[in-house]
Amino acid sequence: MMPGSAPPAAGSGMFVPTHTAGTVLCCMCGVSMQPNPANMCARCLRARVDITEGVPRNAAVVYCPDCFSYLQPPRSWIKAGPESPELMQILLRRIKHPLARLRVSLSGAEFVFSEPHSKRLRLKLRLRREVLNGIVLEQTHPVEFVVHDRLCDSCARAQANPDQWVAVVQLRQHVPHRRTFLYLEQLLIKHGQAALAIRVASAPGGLDFFFGSRSHAARLVDFLGTVAPIQTNTAKQLVSHDTKSFIYNYKYTFSVEICPICREDLIALSPKASRDLGGLGPLVLCIKVTNAIALLDPLTLRVHHLEEKKYRVYNFKAALTSKQLVEYMVLDIEQESPEITVDGSRYQLAYAQVARMSDFGKNDTVFTVRTHLGHRLSPGDLALGYDLYGANMNDDDMDKALLRQNLPEVILVKKSYEKKPRTRRWKLKRLPVEEDLGNKAKGEEERREDEYKKFLLDLERDPELRFGINLYKNEDYRSEMASTIGDDVPTVPIEELIEDLSLGDDDEDEEEEGSAQAGMVE
């Protein structure tokens, strides 16, 4: 074939020689091998070139046994669980500079099992280095880290004096229940915002978070501003100072007040607020609380989001709260309009005939009301709503609304289900809150337990409410328990549950279990 000519087509009958790779003999042992610049086989190269020479085999790492954190020089402490990616990153940083100096690259790393009480952490590294004119060798290299226990600054200060805090966040909400704090507790656990707190104490109307650093408290305040409508005030008090070196020590206080409007609250807007919000209301339901308040007009399905700064202009209160919900029986229902989606939630206007459950056997009072729950309710269902017909309200805006307009006698809020005792397949984590037993009122413990049970019911029935929190599998749950639950009662799908790893919450249990799997870093 002439140079530059095209290769012969397949099936042309021309002979095409096959290309075979040439082999040479190793200059040291004489084994046949593929040629390379060193003319040595891989075994002879490893025997004469050690790419791990100079790489440390021993190192040390500092560990705080109180907060389960590791020291990241010079002064950072990072919380990491056994054989976690965070711990792998901390250990590899300890040997990063020797590897860079020797021009050795890291291709992989994995944990090697060691006894939890041995105070040793072992890694098996896969190192790669170029030797002898472009030949790349890869070799394993073990590294052992000695764990030295030492308290971090915050834990040392807390052990010396538990009240020696630097900053405190006083979280308050002036409402007759603690539903908001139960939900915020789950958000703080999921995002780890309260992990740096020295302690968490219960207070009248809220919680107190004590920190050893002002920046940690400020970070918690910033997080609260993204999940709830809050108003913040700050103050500081001089503790001590050095006039020669101009060093001043302060104690900082962050006063955080959450808006007193909660989910399912019924609000009567003033004429000015209703006019400014485009004729909304005057009776509206709070359907969602994030960094803004979502208000729904149940008679028109209009939704308005009210930010905290704008709320402070009107500063309205809840006319009726979830504690004043009344149970009704749905006698008949007639859909008025097709089902629509507003702000991610489904609604349907309908006319419903309802009667109070407390009136059965006493009178024949029936109410015909307009509701936004036409897609959920059917004849024979139970519903919770606000009884405007017989409620005793001390609200000026509500009185004005009753005089100006013909308001409904009942505002239905949500569907109700029959309460049956059962064991759930899921559970929640709780913050270690210190209770002041001396100042606790009589019956306070029972009231909080009842509020927590209602919060668990709300999580089961509202997928949007549990979207932002973590639900963990309950190891005590047995499948035969599910037979006690009705078919129409909503439950949490098992796909939404996660395993209870509890990294950092109960580290002693994790150490007893040991580590059977190795984490790989490529």
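The values are calculated or read from the model by the stated rules, or taken from the named source; none is laboratory data. Computed from a prediction, not measured in an experiment: that's the story for all the values here. Note that we place each Cβ from the backbone using ideal geometry, even for glycine, and neighbour counts take in every protein chain shown. The area values use the complete protein model at the heavy-atom level, side chains included, leaving out ligands, DNA and RNA. Shrake-Rupley method; radii C 1.70, N 1.55, O 1.52, S 1.80 Å.
Below is a table of values for the structure above.
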quantity	calculated
Lone qualifier among SER154, SER215 - being of a type outside the set (D, E, K, R), more than 30 Å from THR321 (Cβ to Cβ) and exposed (fewer than 14 other Cβ atoms within 10 Å of the Cβ)	SER215
Matching entry among ILE287, ILE293, ILE267 (being open to solvent by 40 Å² or more (accessible area, probe 1.4 Å), of a type in the set (Val, Ile, Thr) and closer than 27 Å to ARG178 by Cα)	ILE287
Residue that is more than 26 Å from GLN139 (Cβ to Cβ) and among the small types (Gly, Ala, Ser), where the choices are SER69, SER107, SER114	SER69
Of residues in the range 313-344 being over 11 Å from HIS372 (Cα atoms) and among the polar types (S, T, N, Q), the one surrounded by the fewest Cβ atoms within 10 Å (Cβ to Cβ)	THR341
Where a residue in the range 248-275 is hydroxyl-bearing (Ser, Thr, Tyr) and its partner, wherever it lies, is assigned to a helix (DSSP H, G or I), with Cβ under 6 Å and at least six apart	TYR252/ARG214; SER270/ASP397
Elements of type helices (runs of 4 or more DSSP H) in the range 16-103, at least 2 residues being over 41 Å from the mean Cα position of the chain (by Cα) and over 30 Å from SER215 (Cα atoms)	42-48
Of all residues making up the range 188-220, the number that are in a strand (DSSP E or B) and among the basic types (Lys, Arg)	1
MET329 being more than 23 Å from SER270 (Cβ to Cβ) and over 33 Å from the mean Cα position of the chain (by Cα)	yes
Residue match in the range 297-317 (condition: under 26 Å from TYR417 (Cβ atoms), at pLDDT below 90 and among the hydroxyl-bearing types (Ser, Thr, Tyr))	no
Search result, residues across the range 351-385 that are in a loop (DSSP other than H, G, I, E, B) and within 24 Å of LEU283 (Cα to Cα)	THR365, VAL366, HIS372, GLY374, HIS375, ARG376, LEU377
Residues that are surrounded by fewer than 20 Cβ atoms within 10 Å (Cβ to Cβ) and either modelled with pLDDT of 95 or more or assigned to a helix (DSSP H, G or I) (or both), drawn from the range 173-187	LEU182, LEU187
Boolean, GLN237 is surrounded by fewer than 14 Cβ atoms within 10 Å (Cβ to Cβ) and of a type outside the set (Ser, Thr, Tyr)	yes
Which numbered condition THR52 misses (of (1) touching a residue at least 60 places away in the same chain (Cβ under 8 Å); (2) β-branched (Val, Ile, Thr); (3) open to solvent by 70 Å² or more (accessible area, probe 1.4 Å))	(3)
Residue within the range 189-198 that is open to solvent by less than 40 Å² (accessible area, probe 1.4 Å), in contact with a Leu (Cβ under 9 Å, 6 or more places away or on another chain), within 27 Å of LYS429 (Cβ to Cβ) and not polar (S, T, N, Q) present	yes
Any chance ASP381 is open to solvent by 70 Å² or more (accessible area, probe 1.4 Å) and either modelled with pLDDT under 90 or of a type in the set (D, E, K, R) (or both)	no
